[in-house]
Every structure is written in C-alpha cells, then in structure tokens.
Amino acid sequence: MNILSVKDVSRIGREEPLFTNITFGLNSGDKAALIGRNGTGKSTLLSVIAGVLQPDNGEVTINKSAGVSYLAQNPQFLPEDTIKDHIFKSSSPKLNIIRSYEDLCIQIEKETEQNGEVKQTLKKQLEETQEKMDKQNLWEYESQIQNILGVLGLHNMKYKMKELSGGMIKKVALAQVLVEDTNLLLLDEPTNHLDITTIKWLEDYLRNTNRTVLMVTHDRYFLDAVCNNIYELFRNKLKLYTGNYSTYLEKKQTEAEIEANTERRIESVLRFERDWLLRGPCARGTKAKARIQHDMALINREKFSEDKGFTFEVQGRRLGGKILELHGISKKFSKSFDSSTPVIKNFSYTFNKGEKIGIFGNNGSGKSTLLNIITESILPDTGTIVKGENTFIAYYQQNPVFKDLSITVLEYVKEASEVMKLNDSTTLSASLFLEQFGFTGKIQHSMLSTLSGGERKRLFLVRLLLSNPNFLILDEPTNDFDIFTMNILEKFLLGFKGCLLVVSHDRYFMDKICDTLFIMENDGSISGYVGKCSEYIQYREMLEKENKLKEGEASPSASIRSESSSFTPTLSAGDSPATPPQKKKLSYKEKCEFEQLEKRIAELEEKLPELESLMASSDYATSQKAGSEYAKFQKELNSSYERWEELAERA
C-alpha cells in the first residue's frame, strides 16, 4: 500500500534552489533515509512532507488512513505544557482513551489514599473506559507506551516543558512521535541527545515496527541496521539507492569508477576534436554544424569531479614527558536524586602520548562532569589534577559560549589562527579550512548572530582545531555534522598525534577513533575496557543474557504456568538470612493492568492452538495468514508473561 507520494516538489533556499522537481514515494513498511551534505535541504524536505513548510511547486500526498508523525530537529512546544500534555496532544481516539484511563486510575488512587473509598461515578467511568480498552484491544498498546516512556527515562510526567533541558525536550518529542497511532514517521536526527544504550533500543524498535519511516540521521550504524532505501540529495536532485548504507557506499564507489572512465573517454575524444575546431572548420554544411554543436556540448558539460574528501595532518605541538595525571578524583552533587551516590568516585589515571579514549555511559552517568573536572571547569570534591607544562588542552563543549556575536565567521576563526600548518610544511588559510567544514561563500562574512545553533557548534570546533592543541577533549562533537564532514573529522583525529578524550553517542565514530573506553558505572566508579564500543555493547549484552539465565535457573517461578514450589534456600552454618528489600506495592493502575493481563494471557493461550491448526491448512492463503497472526500473538504472549511476572512479584 502506498503511504507517501511526492511529485515534482521544489523549494528555494536563501541563495539558490535546495531541490527541484523531486519525485518519489514510500510504501507501507519502507524504512528510508535522506542523506546529503549540510545545506542541501534534507530537513527542509522533511518539513515540506510534514506540511510544516509549503513547497514552491509540486505536491505531497499522504495516505489518509496512514496518519503522519513528525520529529523536528528543534521541536516546538508550549512552555506551560507538562510532559504528559505534550506527549498526549495527538487527536488519536486510541490515545485519548488511554489517557482517560490513566487519569482515572490516578484520581481513584488519590481518593483511596485520602478518603479510604472511591466515588461510584469514578468507578463507573473507569469501568466504561476499561470496556473501551477491551473492545479496541488497547492493553498491549498502553503497555507499549509505558515501555517507550520508561526506556526514554520519562518517569515524572508532571514537569513543565519550560523546565526541561534541550536533550530532554528532544526525548519528549521523540516519545510523542513513537506513541502516536500513525503509520508514517518523519524523523529528523532522532538519535541526537540519546545515549548509546537507548539508540540501540530505538534501532531495534524502528527495524521491527510495521510503520513506514523516513529519517535524516548521521548515525551510520543506525542507517545500516534500520534502512532498506537510501535517498541522496545531491545537486538539487534526489537519487534512490536500494539497500542499506553499506550497499549505498558500494554503489557510489561503482558509480564513481564508471563516471571517471566515462570522463577519460570524453577527454580522449575532445583532444582530437579541439584540434579540429582550432583549424577553423567550415560550418556551412549540416554535418559540420552538428559536429561543432556536439563538441561544444561536450566542452560545456557538467564535469565529473570525484569527491575525495579533505584530508590533513597538522604539525602539532610537542607533548612533554608528563601529560595529565588524575589522582583520587571524586565528585558528588547535593541536588542529585541520590546524594549518597557520587557521580565520580576515587578515580585515578595517567594519560600517555597518543591515547584515544572514548567515554561510555548512560545519560546522567557523569561523562560531561568528568570532562569538566579534567578541564578544571568545575573542581572535584577530593583529589588532584596535575597537568604537564607542554600540555595544551582544547575542549569542545556541547553548548559553547560566544562572547561576541557581532563579528563575522571568518574573523572568529582568525582569532585562533590565520593559517593551519600542515605536516608536509604547507599551510592552509583559515578561509579554506572553513570551507572544508561546510562554511562556504557568503556565510564566512556573516555575523555569528545570524548562524543557527548547529552552525555555531560546528564553527566552535573549527576554531578549536585551528588553535593546534595537543590534548583534545570532545563532548558530543557529531550532533551537527553531516556524514561527509564527519569523515573529514575522523581522518583528522586518526592522524592526531596528541591525546584524545571523546564522548559521543555515535557508535561508528567511537569504533573508528577510540580503542579504549572509560566505563561510567552506576556507583560512580570508572572502569576500563580495551576494545571498540560495539565490542563492549556485545560483551554487555552477553553478560545480561547470562545473568537472566542464572536468574531463571535460580527461580522456580520462571513461568507463570509453573506449579507452586516449596523451595527454600539452604543456609550454611554461620550464615544469616538477609532481610529482603521492600518492594513497591502495586498502584491502582497496575492492579487493573495485572487483572487485564491474566484475562489477555488466557485469551492468547486459547487462540494459539486454533491458529496452529489453521497453519496446517492445504489452502496457502489461509496457512500464510494464520502463520503471520501466530507470530504476532506469540510475541504478545511472551511480553505479557514477562510483565505478569514483574507485577506478580509485587502483588
């Protein structure tokens, strides 16, 4: 089924057309990505499809039954809205029923606590809402919503949007898009502000969902895992490459080779034809005129130029014998959720020349705090920092501060250096260096105040590199770079002779640059891992599986269908029974959910045998449909079992 149709769409940018006469479509279940250099119009095209911007010509048609959800790069919101208000703004009837159900559960729970009883009107409203949930089979949908909110760390829904950080606003906006009852998702940089663990979850969600996805992202692992179509915006046109990002790279390489060979053949022909033209042939005859016209068309053709990328290695400052030493660093914030747990606990490390270290940890684990302590932006509670005399640190922060926004882009970078001295003894002007990072043409003479937030961050990094540091610290440097510019940065960092310490959610970037990790643990300690980021993620997943298996072996109630057991752990001599931790009791809403799960599990267990018999049917269509439904119901049954066990332990 066709979900999206874009026909002859064009849009003019500030100085020239962004894209012209673009035509393409998406079918149900397609997973597609828009890629291209910064400024080619990827975000603009998404906005046009979403209806936020109007095209200069052409039309966009979205299947009426599909519905569309749009995640903007910079989400819009009402400051006084709570997180819950924002997430449930959708006009979807299903979401409205679920919201009513949750609101009623909260009201009933409050009344029970305050008065010890519940008004009959509230009970009746709840029963009516539960009936609606039953009729439309919304219990699984409601469970999915809670799972999405939990993974994104959105536990307290009462906070107002104006109280949230930029990262949390993006998470709330992502949650809103994912929970909406729509079939077309338009996602602009969905992985920004997510930690690596959450990105992996989102990757799995989008890969397995039946919804159609069109996204802009620079995360290459994410592209590879999720997308089956790549659309490249290049020279105002859109070109489709069927397959994931790795397939796209292979096809681009083949195209480049074919175009280069074609270019060589044309130049061979033109060498002879130019000699003929210089002899001043008579153009009276029809054949001669046609030949001259053909030759002029070849000479004035749009010539192929291979995008080799920009590579450079700087001379670099010399590092001394002592670079940087951390001795017993600890830090605790009194306003943290649990003030008894330090963010960083008793960390010591001596940096060596040429080390490239990545920092891995969930959001809020203290990654940026560690960087701020090392750069002495904040002081540790305990411990000392010893910096070598020749160590020159450059620190790229997520939200850089610009003292003067009235100067131009070129003036700003020239404050750091007029030229970049390269390893081959040549120099690169500040202007040319800016061009390599996407600051071309008039923008170099624009004031900083006219730049977007993303452009300012990129400019800040360019200036840092021009300052020629020998100890480079990068906190999320990839958020505002396109893939092509990131390749340039990666090549620079691979040739960088100094020390590098980097925080990034981009696993491809981390894998390519870093060979050692600092792991931020939950208790504030920092452990080390020698290897790539993707290897560590696999290692952690393996440990989690092993732990689940051990728990399953140790627990006699691994399945709710297991018979009751009188198993009692045996204590060795001298042991004393530990006091079990107090488990949080079920809320009223969770009690309702628990009862509904029991009913739903019984229904599913009855349904599966029926489908099994249909799967054995000689009719292919019947067998295929039953098989598809069986897989769907089996998946729901497994997730229902898991949730039932979780609630049963607290019931």
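The values are calculated or read from the model by the stated rules, or taken from the named source; none is laboratory data. Given the structure is predicted, the values throughout are model-derived calculations rather than measurements. Don't worry about glycine lacking a Cβ; one is built from the backbone with ideal geometry, like all the others, and counts go over all protein chains shown. SASA here: full protein model, heavy atoms, side chains in, ligands and nucleic acids out. Shrake-Rupley method; radii C 1.70, N 1.55, O 1.52, S 1.80 Å.
The rows are residues; the columns are (1) without any contact (Cβ under 8 Å) to a residue 12 or more places away in the chain; (2) surrounded by fewer than 18 Cβ atoms within 10 Å (Cβ to Cβ); (3) within 22 Å of SER69 (Cα to Cα); (4) touching a strand residue (DSSP E or B) at 6+ places or on another chain (Cβ under 7 Å).
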| site | (1), (2), (3), (4) |
| --- | --- |
| GLN125 | no, yes, no, no |
| GLU128 | yes, yes, no, no |
| LEU138 | no, no, yes, no |
| LEU149 | no, no, yes, no |
| ALA173 | no, no, yes, yes |
| VAL177 | no, no, yes, yes |
VAL401 vs (1) in a loop (DSSP other than H, G, I, E, B); (2) aliphatic (A, V, I, L, M); (3) over 29 Å from ASP219 (Cβ atoms): all pass except (3)
What are the residues in segment 597-646 that are surrounded by 14 or more Cβ atoms within 10 Å (Cβ to Cβ), at pLDDT below 75 and aliphatic (A, V, I, L, M), if any?
MET615, ALA626
Please give the number of the condition LYS251 fails out of (1) modelled with pLDDT of 90 or more; (2) within 26 Å of PHE509 (Cα to Cα); (3) out of contact with any helix residue (DSSP H, G or I) (no Cβ under 6 Å at 6 or more places or on another chain); (4) surrounded by 13 or more Cβ atoms within 10 Å (Cβ to Cβ).
(1)
Applying the selection to segment 56-115, what residues are among the small types (Gly, Ala, Ser) and either in contact with a helix residue (DSSP H, G or I) (Cβ under 7 Å, 6 or more places away or on another chain) or open to solvent by less than 70 Å² (accessible area, probe 1.4 Å) (or both)?
GLY58, ALA66, GLY67, SER69, ALA72, SER90, SER92, SER100
Check segment 564-580 and report whether any residue there is of a type outside the set (Phe, Trp, Tyr), modelled with pLDDT of 70 or more and more than 36 Å from the chain's Cα centre (by Cα).
no
Those strands (runs of 3 or more DSSP E) lying entirely in segment 422-504 with at least 1 residues touching a Leu at 6+ places or on another chain (Cβ under 9 Å), closer than 26 Å to ARG318 by Cα and open to solvent by 10 Å² or more (accessible area, probe 1.4 Å)
427-429
Scan segment 152-168 and tell me whether some residue there is among the acidic types (Asp, Glu), surrounded by fewer than 19 Cβ atoms within 10 Å (Cβ to Cβ) and in contact with a Ser or Thr (Cβ under 8 Å, 6 or more places away or on another chain).
no
Go through (1) assigned to a helix (DSSP H, G or I); (2) open to solvent by less than 10 Å² (accessible area, probe 1.4 Å) for LEU187 and report which single condition fails.
(1)
Among the listed residues GLU263, GLU255, GLU203, which satisfies the condition of being in a helix (DSSP H, G or I) and without any contact (Cβ under 8 Å) to a residue 12 or more places away in the chain?
GLU255
Quickly run through segment 405-419 and pick out the residues that are more than 16 Å from ARG458 (Cβ to Cβ) and either modelled with pLDDT of 90 or more or surrounded by 13 or more Cβ atoms within 10 Å (Cβ to Cβ) (or both).
SER406, ILE407, GLU411, LYS414, GLU415, SER417, VAL419
Just need a number here: residues in segment 163-184 that are in a loop (DSSP other than H, G, I, E, B) and touching a helix residue (DSSP H, G or I) at 6+ places or on another chain (Cβ under 6 Å).
1
Is it the case that some residue within segment 222-241 is open to solvent by 20 Å² or more (accessible area, probe 1.4 Å), more than 18 Å from THR44 (Cβ to Cβ) and hydroxyl-bearing (Ser, Thr, Tyr)?
no
Please go through (1) under 29 Å from the mean Cα position of the chain (by Cα); (2) hydrophobic (A, V, I, L, M, F, W, C); (3) over 20 Å from ILE488 (Cα atoms) for ILE407 and return the number of the only condition it doesn't satisfy.
(1)
